[in-house]
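Visitor: I have a structure here, written as C-alpha cells, and I will follow up with some questions on it.
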Amino acid sequence: MSNTEKQGVSKIRNFLSCRQVLNLLTMFGFMLNYALRVNLTIAIVAMVKPENATLDASLEGSNSTNTTSGLTSSITTTTLAPSTANSSSSSSSISVEDVDDRFAWDTYQQNFVLGCFFWGYILTELPGGRLAELIGGRRVFGHSMLWASLLTLITPLAAHLNYVLLIVVRVVLGFMLGASWPAIHPVAAVWIPPNERSKFMSNMMASSLGAAITMPVCGFLISVAGWASVFYVTGVVGLIWSVLWFTLVFETPATHPRISPEERREIEEALGTSTSKKRPSYVPWGDLFCSPAVWAIIITHGLSVFGFFTVINQLPTFMNQVLHFDIKKNGLFSSLPYLGKYIMAFGSSCFADWLRQRGALSTTATRKVFTTFALTTPGLLMVAQVFLGKEAAWSVTIFTLALFAHGAVTPGYLGNGLDIAPNFSGTIFGLANTLSSFGGFLSTWMVGALTYGDKSYHQWQIVFWILAVTYISGAVVYLILGTGDLQPWNNPPERKKVSDVHAEEGVPLKN
C-alpha cells in the first residue's frame, strides 16, 4: 500500500472509528427492535373488520378484568398506549383496503395475538444473556434481529393462512427479540472502554426514539398501502440492518480487520483484565446470588420498571376516565414522553461519562447519583400528582416530566452490570429483565384491584402514593446496596477436568 493510500485509510478511520460504527448500528438496532415488536400493535386495527375493531376501548377496560391473557396483555399495552390513536385514526382513512383482507377477530382474539409475543420474549432474556457471554454478543444480537426480520416479513402470510400460525410466528418473534437486550452487554464488555459505557448504553433507549418514529410512519404506510406494508417495510429494513451489522461489526477489536492499531490499543488498555479474553465456561451462581451489588441491580430494575409500566399504561387511562382528557389522541403528547426519555438518556449518559473521565465522580458515585435522580424525581412527581392531578394540564406535565427524568437510569443502574462483572453482564441483565417483566402484570393487577367498581379520584390517589413509594424505594435500595466496584467473582478459576486432577494426584487413568 502506498503512502497516499495509507493516508486515505487513516482519514476514514479518523472520520468514523469502529466504535462509532458500533454505536450507530446499535442505536438503529434498538429502534428497529421496537418497530419489529409493535408493528402488529399499530396495524391490528386496520387488520380487523370494522365491527370487530374495538381493541382500544377493550384494552383500557381489560387491563383489570382480562385474567386469561394475564401478563402478556398487560405488558403489550406498554407499547399500545400511544399507538392506538394513530391506528384508530388511520383505520378510518383506509377505504382502499379490501374488506376481504381483514379478519373477524373478536376482542379476546386481538388481545391474545398481541400478548402472545411475550410468551417467547420472557423465555430468552436470561439464556440470551448467557449465550452472548459464551459465543459473543455480536452473533446473538445480530441473529435475533435477522430472524425477527424474516418472521416479520411472513407475518401477513401467516395471518391469511391461519390464526394459530400467526400466534406461532409472534411467539417465535418474541423468542428471538428477547435475547437481544441482554446480548448488548457482552458487546459493550469487549468493545467499550469503561469511561464510555454510559453513552453506549444509552443506545438501548433508542427504542423510545423508535416509538416516536415508528408510530407515525406505520400509520402513514397503512393509509397509503394497506396494513401488510407495515410488516414488509419494517422487515426489509431489518434485513438491511442485519447485513450491515454482520458486515461492519466484529466480535472483538482483535478480530476486526479494519480497526486501526491505535483504536485497538486504546480499547484493550482501557479494558485491562476486567473482561477476560477467554470467556468463563461457567457462572459462579453462588457468588452471584450472594452479591449485594447484583441484588441492587435486580431490585432497583424491578421497582423502576414497575413504576414505568404503570405510568405508561395507567395514567392515560386515568386522564381519560377521570379527567375526560384523551392524551392518546394528541400526537404531540403521545410522542413527547418517548422523545424526552431518549434525550435525557443520551444527554445524562454523556454528562456521566464526562464526569468520570475528569475524575469528578467515581463509578460508584456516578451510578448512585443518576439512579437517585432518575427514580426520586418521578417519585416526587407522583406525590405532586396526588395533590395536583385533578387538572389535566398538570397531569400531562407531570406525566411527561416523570418519563423524561426516568431516562437518567441509563448512566445509573442500567449498565452497572458492566462495572461489577463485565464477564457476566449479560446474565445479570437477563436475570433482572426477566423478573422485572412481571412489573407490567403487577401494575395492571394493582390498578384493577384499586379502581374496580370505583374509579374515583380518591382511588387513583392511592395508586399515585404507591408509585411514589415504589420509585423512591428503588433509589434507596440502590443507594444502600449499589456499587461500581469490580467484584472478585468476575474472573472465576476454570474448573479442572477429572484427567487433570488425576494427573496432579498421580492417579493413573483407566483405559
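Derivation of every value follows stated rules applied to the coordinates shown; laboratory data play no part. As the structure is a computational prediction, the values presented were derived from the model and not from experiment. All Cβ positions, glycine included, derive from the backbone under ideal geometry; neighbour counts span all protein chains shown.
Visitor: How much FRET efficiency would the formula 1/(1 + (r/R0)^6) give for residue 108 and residue 350, where r is the Cβ-Cβ distance and R0 is 41 Å, rounded to 0.05?
Guide: The formula returns an efficiency of 0.35 here.
Visitor: What's the whole-number percent of alpha carbon pairs in the range 222-283 lying beyond 20 angstrom?
Guide: When all Cα pairs of the range 222-283 are counted, 56 percent exceed 20 Å.
Visitor: A follow-up question, please. Over the alpha-carbon set of the range 102-166, divide Rg by the Kirkwood Rh and report the Rg/Rh ratio to two decimals.
Guide: Rg divided by Rh gives 1.09.
Visitor: Quick check on the range 152-273: what are the equivalent-ellipsoid semi-axes from the Cα gyration tensor, as sqrt(5λ), descending, whole Å?
Guide: For the range 152-273, the ellipsoid semi-axes come out as 36, 16, 14 Å.
Visitor: Just to be sure I understand the model, the point goes 7 Å from the Cα along the line to the Cβ. What's the resulting residue 247 to residue 266 distance in nm?
Guide: Label-label distance for residue 247 and residue 266, simple model: 2.5 nm.
Visitor: Something else now. How long are the three semi-axes of the equivalent ellipsoid of the range 245-313, in whole Å, if each is the root of 5 times an eigenvalue of the C-alpha gyration tensor, listed from largest down?
Guide: Working: eigenvalues 230, 84, 28 Å².
The answer is 34, 21, 12 Å, longest axis first.
Visitor: Follow-up question, since we're still on this one. Just the number: Rg to Rh for the range 383-434, Cα atoms, Kirkwood Rh, two decimals. Show your work: numbers first, answer last.
Guide: Values: Rg = 16.7 Å, Rh = 13.3 Å.
My calculation puts Rg/Rh at 1.26.
Visitor: How large is the Rg to Rh ratio of the range 381-502 when both quantities use alpha carbon positions and Rh follows Kirkwood?
Guide: That ratio equals 1.17.
Visitor: Okay, moving on. How would you order 116-122, 31-37 from highest to lowest mean count of nearby Cβ atoms within 10 Å?
Guide: Most protected by this proxy first, the peptides run 31-37, 116-122.
Visitor: At a 10 angstrom cut-off on C-beta neighbours, averaged per residue, how do the peptides 156-168, 374-386, 253-265 rank from highest to lowest?
Guide: Packing proxy ranking, top to bottom: 374-386, 156-168, 253-265.
Visitor: Let me check I have the definition right: for the range 347-441, take the eigenvalues of the Cα gyration tensor, multiply each by 5, take square roots. What are those semi-axes in whole Å, largest first? Each step should come with its number before you reach the end.
Guide: Values: eigenvalues 166, 72, 16 Å².
In descending order the semi-axes read 29, 19, 9 Å.
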